[in-house]
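The values are calculated or read from the model by the stated rules, or taken from the named source; none is laboratory data. Since the model is a prediction, treat every value here as computed from it, not as a measurement. Every residue, glycine as well, gets a Cβ built from its backbone with ideal geometry; the counts of neighbours run over all protein chains shown. Keep in mind that these areas ignore ligands, DNA and RNA; they rest on the heavy atoms of the full protein, side chains included. Shrake-Rupley method; radii C 1.70, N 1.55, O 1.52, S 1.80 Å.
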Amino acid sequence: MPVRIITTHLEFEGRVSEQRVVMEGDEPPVWGEDAELRIVGKPTPRVDGRERVTGGATYTYDIQLPGQLTAAALRSPHAHARVTRVDASRAEAMPGVRAVLHRFNAGDLIDPNRDRSVFAEELPYAGAIVALVLADTREQAADACAAVMVEYETLPFVVDPEAALQPEAPRVLSDRPHNKLNDEYPQTYQRGDVDAGIREAEVTVEARFETPAAMHNSMETHGATAQWDGRTLTIYSSTQDIFGVRRAVAKALGLHQNQVRAIKQYMGGGFGSKFGPHESGLLAAYAAHRLGRPVQYMLSREDENVAAGHRSATIQHFRLGAQRDGTLTAIEQRTVGNLGALAGWFPATAMATKELYQCANVRTIDEGARTNLGPFAAFRAPGVVEGIAAMETAVDQLAAALGMDPLELRLKNYAERHQDMQRPYARKLLREAYEIGAERIGWATRDAEARRYPKGRDGTLRRGVGMASQLWGGDGGPPAQAQAKLLPDGTAVIITGTQDIGTGTRTVLAQIAAEELGLPLEAVRVELGDTEFGLYSPPSGGSMTLASMGPAVRMAAAEARKDALEIVGHLVEAPADALDIRDGGIVNRETGREMGTLGSYLEQLDGHEVTAKGMRGPNAENVTVRTFGAQFAEVEVDLGTGQVRVRRIVAVHDCGRIVNPLTFSSQIEGGIIQGLGFALMEQRVVDQRFGTVMNANLEQFHIPTIRDVPEIDIVLLDRPNTYANTLGALGAGEPPIIPTPGAIANAVAHAIGRPVSGLPLTPDRILDLLK
Amino acid sequence: MPNAPSQSPDAAPTAAPHRTVHLTVNGIAHEIEVETRRTLLDALRADLHLTGAKPGCGMGDCGACTVLIEGEAVYSCLTLAVACEGRAITTIEGLSSSDGELDPVQSAFIAHDALQCGFCTPGQVLAMKALLARNPHPSDDEIARAMSGNLCRCGAYPKILAAGRALAGHPS
């Protein structure tokens, strides 16, 4: 097969990069509007549902290897300190303890993703790792942790991001000249002239909006189980990115990549926090390699919440200017991000600011502040959730200042083209989403309904309706590879190296393969989550798994089908293109004659397996692909207690073709519920005097329960986006969380009759706003 | 954060006290020797290698470790193994019949897609099982109250409620 190399562009969470694509063969034509599909598009229960409801699904936490040791960490109690001495002798002598690793005996373990020793001398946050105990049981490891004696030299610290950016602030990392993310910050994006735009505005609004640090709290914490057999290091990792784990572990241990095998079959959630091996995976691999025994290191819930990431907190200042008729003349956003001590990038808080509304004069300023807090990590649309919440509440304030309907103001400034990159959108159904959502929530009568709303026994209940918009990429991209194998009985195995992080990837890939192969769904099995037997697949994040892997699987299946029909054609002495595979049977295309099962032919080949490869082709050039959507929220606020209850959410999103309406709706609901948590209750609390996190658990850090769930009304647009990829499908992981907090905040503002200043909208914040 | 010291660092290391416990798990009698402080969750996972009950928070907040003791849903991370002497325990592994036929609760969870990553699912299924055993036709509010001790970070709650409604015999 001739190989071609094509240059394309890939957008990942707002950042565009150039990408080379190696293509062997061609992708099949796009499934357009008129494609007749039997399995794709049908509500399909998960193919691995049985494993997940019976306890048969083996998660990383569940791996138990003979002789396996359990690990527990001792972490710094100080916001900033230097470790000067570790005495582990007492711990090492305790029952069941096999080793204690720390700076003075394992300082050579470097985290390649941070270019820093895992057991660093400088501990820049409370919760930074000091020592790792390896013992036979969990209880023994915990006991020994408490017996490790550590001497610290404490250092001055800063946890407030605005204070950290002051010249006299203590240095978060003592080898850096300042606390800025790096020398490129603050980073400014500019088009037109914002100051002139403000001057020519007839109405201006200035708004400050703060968003909290929210912890992911995946139900399965970060961690790994590793085994070294003298030749191969096998690591079972709770990860969204097995190939990233392989790369980093090989580098950290000085092994070749073919000596590292990363496996992840089932994982208990990630939401963006589980890219690469994490410190816990590096430690498990290092300890297993050094001790020659299997090692499991899973973080405790508390360690997870201080050391494994969170959505970074922001303080945002918006300035909007408009003419009397609502035409925007200026948008300015200044964002201070509290990035923690070990940050490497800045979340995409400005992504929507640059393109959601038509405006010639736009400026965004990102100020990344390092602070003596744990590292942040990507969390489901990192930055975009926070940026949209702040901007959409500011837009509502502008509408109020103009005396205009907020939706009318949005339509007045509707952007038909991607202004930042000066090119068209492949498709933009946002106007339709606004119309459908407005109709279903009763937008036109929202003021009258609010007045009519029963105010309760104490006369304190108020109703509000608000909305916010969403934009995201989600079209995926290369490289992503898959292989299809047809076995002698006519069943198929699809081999990938992707991850199903709970979204239903295994199921949608099986649907796509079955559709393309002409087999029933039960005749297709999808393998994933193993670098040894899988083919390269991208990390599962950025809403790009389906849109990247789906087309690769489809091409592999199409090629296998072609080869199989070629073989059957030889056996029956007919041209291959006169034949088809339908529901596992061979059919004559013209006459419709049924000619027996595919298996009845393949089994004549003495064990020969038809194998074919597929890969994701290049992305469309000169056009921007987006999921656009809108959400509308109805809330009830008790002015007496400050309690907010979300009654109803209407969600209208364009995610292209919907491969599985059942799991799609689960994704949308899940994103809305996480967004509701961010809007109303999730907030890391830091003791400013000591720089320690006070609610690093699920007791005091509240996430939604089943009783917080509102009525959720999902409208499926379900139309293939033919620019996106050969499926016409976009991702749905991030879109539903993006507009949820903004819509709820605007609904609360409508209910209480004044603007909100930030999230979460806890009772005390509401009562403050009412003062 | 660092583990709270469970003993003074100056105390001499001593072997922790152990005791023999008899547990009937999924109908099978077991005799195990455990440290008296070992939780039922650790005993099930580490001693009996039944990993269906999951460690989620270690302090009785999330419900991923839910098992049934004499039909009642309990957090196994807050239950000591030695406190279960002679008790009958059901874990997720014991819910389906020995020939592999799923319990109706399990089937309803699959049909309604009442799970995403699935890590909390064993606990959710068992909490629902316990509810239906004491109240075969719960109202929506009763379902929500009974299930509110089991967190799901993926947010499968609407589908869990739908599965519960179907099991309770409500029209969908």
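Taking the range A:294-345 as the search range and keeping residues that are hydroxyl-bearing (Ser, Thr, Tyr) and within 30 Å of A:Gly67 (Cβ to Cβ), which one is nearest to the other protein chains (Cβ to nearest Cβ)?
So the first thing to find is which residues in the range A:294-345 are hydroxyl-bearing (Ser, Thr, Tyr), and the list is A:297, A:300, A:312, A:314, A:327, A:329, A:335.
Next cut, within 30 Å of A:Gly67 (Cβ to Cβ) only: A:297, A:300.
On the way: A:Tyr297: 13, A:Ser300: 6 Å.
Checking each candidate, the answer is A:Ser300.
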With (1) among the charged types (D, E, K, R); (2) over 21 Å from A:Ala377 (Cα atoms); (3) within 14 Å of another protein chain (Cβ to nearest Cβ) as the list, and A:Arg290 as the residue in question, which single condition is left unmet? (3)
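Checking the condition within 14 Å of chain B (Cβ to nearest Cβ), among the aliphatic types (A, V, I, L, M) and crowded, with 24+ Cβ neighbours inside 10 Å, which residue from A:Ile714, A:Ile737, A:Ile744 passes?
Going through A:Ile714, A:Ile737, A:Ile744 in turn, just one is within 14 Å of chain B (Cβ to nearest Cβ), among the aliphatic types (A, V, I, L, M) and crowded, with 24+ Cβ neighbours inside 10 Å: A:Ile737.
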Can you name the residue in the range A:443-471 that is closer than 29 Å to A:Ala352 by Cβ and touching an Asp or Glu at 6+ places or on another chain (Cβ under 6 Å) and is also most open to solvent (accessible area, probe 1.4 Å) among such residues? A:Arg463
Report the residue count in the range A:647-672 for those that are out of contact with any Cys (no Cβ under 6 Å at 6 or more places or on another chain) and either assigned to a loop (DSSP other than H, G, I, E, B) or open to solvent by less than 10 Å² (accessible area, probe 1.4 Å) (or both). 17
Specify which of the listed residues (A:Arg20, A:Arg46, A:Arg50) is away from chain B (no Cβ under 12 Å) and of a type in the set (Lys, Arg). A:Arg20
Only one of B:Val74, B:Val67 that is more than 8 Å from chain A (Cβ to nearest Cβ), buried (at least 19 other Cβ atoms within 10 Å of the Cβ), part of a strand (DSSP E or B) and in contact with a Pro (Cβ under 9 Å, 6 or more places away or on another chain): B:Val67
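Here's the yes/no breakdown for (1) under 17 Å from A:Pro375 (Cβ atoms); (2) among the basic types (Lys, Arg):
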residue	(1), (2)
A:Glu51	no, no
A:Val83	no, no
A:Arg90	no, yes
A:Gly96	no, no
A:Asp115	yes, no
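Of the residues in the range A:248-272, how many are hydrophobic (A, V, I, L, M, F, W, C), more than 14 Å from every other protein chain (Cβ to nearest Cβ) and either touching a residue at least 40 places away in the same chain (Cβ under 8 Å) or in a strand (DSSP E or B) (or both)?
Step one: of the range A:248-272, the residues hydrophobic (A, V, I, L, M, F, W, C) are A:248-250, A:252-253, A:255, A:260, A:262-263, A:267, A:271.
Filter once more, so that each one left must be more than 14 Å from every other protein chain (Cβ to nearest Cβ): A:248-250, A:252-253, A:255, A:260, A:262-263.
Retained after the next criterion (residues that are either touching a residue at least 40 places away in the same chain (Cβ under 8 Å) or in a strand (DSSP E or B) (or both)): A:248, A:252, A:260, A:262-263.
Number of matching residues: 5.
In the set A:Ala352, A:Ala341, which member is open to solvent by less than 10 Å² (accessible area, probe 1.4 Å) and either farther than 19 Å from A:Ala389 by Cα or more than 20 Å from the chain's Cα centre (by Cα) (or both)? If you could, list the steps in order and put the result at the bottom.
Numbers: A:Ala352 fails: either farther than 19 Å from A:Ala389 by Cα or more than 20 Å from the chain's Cα centre (by Cα) (or both).
Step by step, each of A:Ala352, A:Ala341 is checked, and only A:Ala341 is open to solvent by less than 10 Å² (accessible area, probe 1.4 Å) and either farther than 19 Å from A:Ala389 by Cα or more than 20 Å from the chain's Cα centre (by Cα) (or both).
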Within the group A:Ala745, A:Ala732, A:Ala751, A:Ala724, which residue is within 26 Å of A:Met351 (Cβ to Cβ) and in a helix (DSSP H, G or I)? A:Ala745
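Could you tell me which residue of the range B:155-172 is most open to solvent (accessible area, probe 1.4 Å), considering only residues that are in contact (Cβ under 8 Å) with a residue 24 or more places away in the chain and at the interface with chain A (Cβ under 7 Å from one of its Cβ atoms)?
As a first pass, look at the range B:155-172 and keep what is in contact (Cβ under 8 Å) with a residue 24 or more places away in the chain: B:155-156, B:159-160, B:162-170.
Narrowing the set further to residues that are at the interface with chain A (Cβ under 7 Å from one of its Cβ atoms) leaves B:155-156, B:159-160.
Working: B:Gly155: 1, B:Ala156: 2, B:Lys159: 21, B:Ile160: 2 Å².
The selected residue is B:Lys159.
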Looking at the range B:92-128 only, could you name the residues that are modelled with pLDDT under 95 and facing another protein chain (nearest Cβ under 7 Å)? B:Ser96
What is the one condition in (1) under 27 Å from A:Ala226 (Cα atoms); (2) away from every other protein chain (no Cβ under 11 Å); (3) modelled with pLDDT of 95 or more that A:Asp115 does not satisfy? (3)
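Quick grid of which residues meet (1) open to solvent by 60 Å² or more (accessible area, probe 1.4 Å); (2) in contact (Cβ under 8 Å) with a residue 40 or more places away in the chain; (3) within 30 Å of A:Tyr286 (Cβ to Cβ):
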| site | (1), (2), (3) |
| --- | --- |
| A:Val40 | no, yes, no |
| A:Pro43 | yes, yes, no |
| A:Pro66 | yes, yes, yes |
| A:Ala72 | no, yes, yes |
| A:Arg75 | no, yes, yes |
| A:His80 | no, yes, yes |
The range A:62-95 - residue that is more than 31 Å from the chain's Cα centre (by Cα), facing another protein chain (nearest Cβ under 9 Å) and of a type outside the set (A, V, I, L, M, F, W, C) and, of those, nearest to B:Phe109 (Cα to Cα): A:Pro95
Does A:Leu727 meet the test of being open to solvent by 10 Å² or more (accessible area, probe 1.4 Å) and either closer than 30 Å to A:Thr221 by Cα or touching a residue at least 12 places away in the same chain (Cβ under 8 Å) (or both)? no
Residue that is nearest to the other protein chains (Cβ to nearest Cβ) [pool: residues in the range A:218-235 that are touching a helix residue (DSSP H, G or I) at 6+ places or on another chain (Cβ under 7 Å) and among the polar types (S, T, N, Q)]: A:Thr221
Among (1) touching a Pro at 6+ places or on another chain (Cβ under 9 Å); (2) more than 20 Å from A:Gly733 (Cβ to Cβ) - the single one A:Gly41 does not satisfy: (2)
Tally the residues that are of a type in the set (D, E, K, R), in contact with a Phe, Trp or Tyr (Cβ under 9 Å, 6 or more places away or on another chain) and crowded, with 24+ Cβ neighbours inside 10 Å, restricting the search to the range A:374-428. 3
Please determine whether any residue of the range A:625-637 is touching a helix residue (DSSP H, G or I) at 6+ places or on another chain (Cβ under 7 Å), under 25 Å from A:Leu535 (Cβ atoms), buried (at least 20 other Cβ atoms within 10 Å of the Cβ) and not assigned by TED's automatic domain parsing to the domain that holds A:Asp500. no
Which numbered condition trips up A:Gly691, out of (1) surrounded by fewer than 24 Cβ atoms within 10 Å (Cβ to Cβ); (2) within 14 Å of chain B (Cβ to nearest Cβ); (3) closer than 24 Å to A:Ala480 by Cβ? (3)
Mind checking which residues of the range B:77-99 are buried (at least 20 other Cβ atoms within 10 Å of the Cβ) and part of a loop (DSSP other than H, G, I, E, B)? B:Thr79, B:Thr91, B:Leu95
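Among strands (runs of 3 or more DSSP E) lying entirely in the range A:151-239, which contain 2 or more residues that are of a type in the set (A, V, I, L, M) and either open to solvent by 20 Å² or more (accessible area, probe 1.4 Å) or at pLDDT 95 or above (or both)?
Numbers: elements: A:187-191, A:203-211, A:223-228, A:233-237.
Here the list reads A:203-211, A:223-228, A:233-237.
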Being open to solvent by less than 20 Å² (accessible area, probe 1.4 Å) and more than 12 Å from A:Ala88 (Cα to Cα) is the filter here; which residues of the range A:121-133 pass it? A:Leu123, A:Pro124, A:Tyr125, A:Ala126, A:Gly127, A:Ala128, A:Ile129
Residue list for the range A:46-61, restricted to those being open to solvent by 10 Å² or more (accessible area, probe 1.4 Å) and more than 22 Å from the chain's Cα centre (by Cα): A:Val47, A:Arg50, A:Glu51, A:Thr54, A:Gly55, A:Gly56, A:Thr58
